[in-house]
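My questions all concern the structure below.
We did not get these values from a lab; they are worked out from the coordinates using the rules stated. Since we're looking at a predicted model, the values are computed, not measured. Cβ placement follows ideal geometry from the backbone for every residue including glycine, while neighbour counts extend to all protein chains displayed.
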Amino acid sequence: MKSENTPFRGGPLDGRVLPVLVGPTGHPPKWYEVPVPSPDGSPPTVYAYERVPAGYTKRLGLQRGWVYEYAPGGRTRRALNWPWSKPESRD
């Protein structure tokens with residue numbers, strides 16, 4: 001499997017560059033979760049990082065790669081929006 005060295009911003013992994021496996025499209029996953037075990041035996045703390053563009057070139061506006069940014073609120077869940085579904089009523 002291929003991996004890509006990806007920098008992390010914020011949170012406990014701030015400033016580190018870790019190899020992250022890339023998928024069939026050549027992109028790393030949208031979310032990267034790091035479980036950290038707690039010393040007292042309670043469930044581990046999970047730190048979530050979201051993939052964002054690293055920046056864009058000046059001349060052509062091409063994307064320079066990916067960076068993982070710390071998401072203190074955790075991973076956001078999105079509802080699926082199917083084309084045949086009726087819109088929700090807002091009362």
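Counting Lys and Arg as +1 and Asp and Glu as -1, each charge on the Cβ, what is the dipole of the chain about the Cα centre in debye, to the nearest 20?
Charge dipole of the chain: 480 debye, to the nearest 20.
Next up: Residues of the range 42-72 with amide nitrogen under 18 Å from the 7 Å Cα-to-Cβ point of residue 16?
Hits in the range 42-72 for residue 16 at 18 Å: 44-52, 67-72.
Count neighbours as other Cβ atoms within 10 Å of each site's Cβ, and list the trypsin sites (Lys or Arg not before Pro) in the chain that are DSSP loop with at most 14 such neighbours.
Taking the chain and a limit of 14 other Cβ atoms within 10 Å, the loop trypsin sites (Lys or Arg not before Pro) found are 2, 16, 30, 58, 59, 64, 75, 77, 78, 90.
Additional query: Which value in Å is the Kirkwood Rh of the range 23-75 over different Cα pairs?
Kirkwood radius, the range 23-75: 13.1 Å.
Any chance you could run the full-extension gain for residue 85 through residue 42? It's 0.36 nm times the residue separation minus the Cα-Cα distance, nm to one decimal.
Taking 0.36 nm per residue and subtracting the Cα distance, the gain is 11.4 nm.
Now a separate question. For a Förster distance of 22 Å, can you work out the FRET efficiency between the beta-carbons of residue 3 and residue 69, rounded to the nearest 0.05?
E between residue 3 and residue 69, to the nearest 0.05, is 0.65.
Counting pairs of alpha carbon atoms under 8 Å apart in space and at least six apart in sequence, what relative contact order in percent does the chain give?
It rounds to 23 percent for the chain.
As an exercise, take the mean of 1/r over every pair of distinct alpha carbons in the chain, invert it, and state the Kirkwood radius in angstroms.
15.8 Å
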